[in-house]
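For reference, the structure is listed below as structure tokens.
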Amino acid sequence: MRDKIFEFFSLASSRFPITTLALTFILFLLAINSASNVKYAQGYDTYFSEEHKEFKQYKLFSKDFGTTIASVYVFIKGDDVVNYETFEFMLKLGNALSAIDGVGEVKSPAHSIYNRLGYLPSDESVLSELAFEYGNFYLPKKSFALMELEITAPQDKFESLSKEIERKIAFYPPPPGVTVEATGNPMIRYQVTQSIKGSMQTMGIAAVILMISILVIVFRGVVTSKKYLLLPLLISILTATMAFGLMPILGIPLTETTNAFFPVLIGLSIEYAAQFQSRYEEERKNGVTPVQAATAAVKSVGVALSLAMITTVIGFLSMVFSGVPSLSWFGILSAIGLVIAYILSLTFLPSILVVTDRVDREKVKKRKPGVTEKGLKIAAKTARQPSAVLLLTAMVIVSGFYGYSNVNLQTDFFKYIPQDLPAMRKFNELQRLVGSQDRIIAIFETDGVDFDTVNELNSLAKYVTSSEPRITDYADLTTLFLRFGKLPENEEEFNKFMELLPEDNVKRYAAGSTMAVYFTVAPMDWLEFRKLYDRVKEEIEFYGAGYGYYLTGDVVLKMFVADLIVNGQNRMTIASFILVFLLLLLVYRSVSRAVVPLLPITTVIAVTGGVMYLFGIERTLISASLNSLTIGLGIDFSIHVMERYLEERRKGLPPEKAVEVTVENIGKAILTSGLTMAGGFAAMMVSPFPIMANFGVVSVLAIVFSLIAALTIVPAFLVFTERFNDRINRINRRN
């Protein structure tokens, strides 16, 4: 069965090379056309599945209360902004902004005064006193005032909304000496979308430059004709483009996470082409024709390439177990790309060589061993001391996993995005001035919005706030009453107030018979917040209001994303280990051979975690996939080493000599594969997204460690197991 599959692949180059090249070119053009329809997405929709309970509650809250709990903040700056002219400008600008579809209530120190008095006092000393009394939150200092626009538009409208806000701000000139700037979640998201587009282009260019450099330096010792030096890069570009073209067809959007697949695929897909081309060159040096060399290369490296492809695909597809849509999309897209690269490496690449290769290999002078060849001899040395190498490996695993278990977790999504975005810089300034605006939102299912219910929930809010020192403030319907006058004293006054209050303002706190209480919480990490979240639920239960309720809000969803990162990482890692082990066991029908490739990978996971701990590199939403990626990517090198070693042993070579011949023949191809793979991930380091740049760093470390492990631990373990089996066999024969 296996031979028939590779026979089928070899037909593409031996009998139909021109057809294969033409078909590939047509698919490439179709992919380019399809890629123009790629959509962009970001936010919680890319982090949570539709079935996630807390995410469904968040969406229900957004629907009922007509808000995404997003705000745009407009900075009003000057030497002294507390004056009648500037406050009048705030009212005028606020009226213009509130007329935009998707903008709800507008707040500012000027609006606080106007809502209380119905006018702005012309006496500036009175104006100043009232501004700091009624609107102190929106007036951190005399030189800085703040306008808050509550956004009711859905996230898919943020881009057009942000453009309209910027247009309105530009249309209304501020008083002399005053500057006006906007920030906030919608503005940041709009700028992030623009940054994603630029980031993908930058990483793609960086990946191509790195690939060219690595191929020129390392791969030139493999190919005889320099015109074939960049063929693996051609395969990777075709692969990445075809995968990109599949995104609209599969309904996969471009996000902060999926935008990394392009440079990753450029690096990963070179491996298959490099391995095939290396074996092709080896066959051609034996004096056979291009067709014979291509056919022999397909059949000889086919098994190793197939296993490498399947194990890597398993690593990527294990991301589906994360429960995070964006990671699942990244994994699915990368897995499909690897299948494309595998097929192109066994069909398109041989076809090019068959059609164009006319170089007589026998006339080519043999190169003297260089620095690379000499460096690769370390594999033969480790094979002579297998026990010492494996003992050192065990020590590294134990110490590495200690560091791995203590790596910090980053759940603040604003830390994932470029910090130099204009809106992000202003947002950081806002955070420094006014502190945390994280809110736990308690949604209560009441019998109706009436005087008694509002007072009861207000009493509950006061109780929870007084019981928890990490809750700094709260807001409910009574807060709105105080902002527009005073608290009603009976049901009749309550009904009159409700009729007079603006509907948009009321909707923030009451929707039908559902009511919301907003608890402002102090900054804290996700573990502390989880404890606070649980305590708030306990306090509400203890108070015994008797209403059904749920807790939601941005900070609550961040906590559950942290859970997804931790639990998803464990699920992905376990799934990858089990699936890869079962695959290898099925293929080799030997536990020891199934374990061989997994041993170095376990070491790499431990070492990478230890390095992250030592250098303070935090776990993020995307680096949570590192373990499964390491299993999928790093195991390739080990499989290639083991497959060639077993081939040499079948020829009758002793273990140590088999290791030496293996490294001589495939060491450079593996080194090329590893370095180009690392180069694809290294391209992420130029991304403006910190989440991508950090992931690039740890991925490169994991790949380099995997490469070293494949050339040291794998040969040592293979020789150790053979010696151990020989010893057992000798003992059995004596008995």
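The values are calculated or read from the model by the stated rules, or taken from the named source; none is laboratory data. In this text the structure is predicted, and so the values were computed from the model without any measurement. Note that each Cβ is placed from the backbone with ideal geometry, even for glycine, and that neighbours are counted across all protein chains shown. For the accessible areas, the whole protein counts, side chains as well, though only heavy atoms, and no ligand, DNA or RNA atoms are used. Shrake-Rupley method; radii C 1.70, N 1.55, O 1.52, S 1.80 Å.
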Q) What residue among 216, 245, 193 has its Cα farthest toward the positive end of the dipole of region 125-245, where the charges are +1 on Lys, Arg and -1 on Asp, Glu, each on the Cβ? A) 216
**Q.** Distance from region 182-251 to region 297-362 (C-alpha centre basis), Å
**A.** 16
**Q.** Ratio Rg/Rh, restricted to region 96-190 and using Cα atoms, in which Rh is the Kirkwood radius
**A.** 1.00
Q: Would you mind getting the accessible area per residue of region 226-302, heavy atoms of the protein chains only, 1.4 Å probe, in Å²?
A: 26
Q: Could I have the simple spin-label model distance between residue 157 and residue 731, label points 7 Å from Cα toward Cβ, reported in nm to one decimal?
A: 7.6
**Q.** Residues of region 549-675: accessible area per residue with a 1.4 Å probe, Å²
**A.** 32
Q: Under a cut-off of 13 Å between alpha-carbon atoms, report the aspartates and glutamates in cross-link reach of residue 59, not counting same-chain residues fewer than 8 places apart.
A: 45, 50, 51, 554
**Q.** Zone residues, region 242-279, relative to residue 587, backbone N less than 19 Å from point 7 Å out along Cα-to-Cβ
**A.** 268-279
Q) In sequence order, what are the phi-derived ³J(HN,Hα) couplings for region 675-680 according to the Karplus relation 6.51 cos²θ - 1.76 cosθ + 1.60 with θ = phi - 60°, rounded to whole Hz, with x for glycine and proline? A) 5, 5, 4, 4, x, x
(Q) From the helices alone, meaning DSSP H stretches of at least four residues, give me the mean residue ellipticity at 222 nm for the chain, per-run term -39500 (n - 2.57), in deg cm²/dmol to the nearest 500. (A) -22000 deg cm²/dmol
Q: Return the aspartates and glutamates within reach of residue 285: Cα separation strictly under 14 angstrom, same-chain partners fewer than 8 residues apart disregarded; answer none if there are no such residues.
A: 357, 360, 362
Q. With the dipole of region 552-631 worked out from charges on the C-beta (+1 for Lys and Arg, -1 for Asp and Glu) around the Cα centre, which of 596, 557, 610 lies farthest toward the positive end?
A. 596
Q | Long-range Cα-Cα pairs in region 423-542 (distance over 20 Å), rounded percent | A | 49
Q. Magnitude of the Cβ-charge dipole of the chain, K/R +1 and D/E -1, about the Cα centre, nearest 20 debye?
A. 5840
Q) Tilt of helix 325-346 relative to the longest C-alpha principal axis of the chain, in degrees (0 to 90, nearest 10)? A) 20
Q.
Let's test the formula: R0 of 35 Å, r as the Cβ-Cβ distance of residue 289 and residue 29. What FRET efficiency results, to the nearest 0.05?
A. 0.65
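How would 622, 237 rank on accessible area, largest to smallest, probe 1.4 Å? The partial results should precede the final answer.
Details: 622 0, 237 60 Å².
These residues rank, largest area first, as 237, 622.
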Q | Residues of type aspartates and glutamates that residue 107 reaches as a straight line, Cα spacing below 13 Å, ignoring anything fewer than 8 places off in the same chain | A | 148, 150, 504
**Q.** Ordering of 456-467, 385-396, 312-323 by packing [mean C-beta count within 10 Å, highest first]
**A.** 312-323, 456-467, 385-396
Q. Quick one: Debye curve from the C-alpha atoms of the chain, no solvent, what's log10 I(q)/I(0) at q = 0.08, 0.09, 0.10, 0.11 Å⁻¹?
A. -0.74, -0.86, -0.98, -1.11
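Note the full-extension length gain between residue 171 and residue 37 as 0.36 nm times their separation in residues minus their Cα-Cα distance, in nm to one decimal.
Details: separation 134, 0.36 × 134 = 48.24 nm, distance 3.35 nm.
That works out to 44.9 nm of additional length.
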Q) In nanometres, what is the gap between the two model label sites at residue 401 and residue 723, each 7 Å from Cα along Cα-to-Cβ? A) 2.5
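Go through 640, 52 and list them by solvent-accessible area, largest first, probe radius 1.4 Å. Write out the running numbers ahead of the final one.
On the way: 640 10, 52 35 Å².
Correct descending sequence by accessible area is 52, 640.
Using a 1.4 Å probe on the protein heavy atoms, what percent of the accessible area of the chain belongs to carbon and sulfur? Mind dumping the intermediate values first?
Working: 17860 of 30900 Å².
Carbon with sulfur: 58 percent of the solvent-accessible area.
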Q) Accessible surface of residue 731 in the full protein assembly, 1.4 angstrom probe, to the nearest 10 Å²? A) 80
**Q.** Simple spin-label estimate for residue 216 and residue 91 in nanometres, 7 Å along Cα-Cβ
**A.** 6.8
Q: Report, in debye and to the nearest 20, how large the dipole of region 537-618 comes out about its Cα centre when Lys and Arg carry +1 and Asp and Glu carry -1 on their Cβ.
A: 660
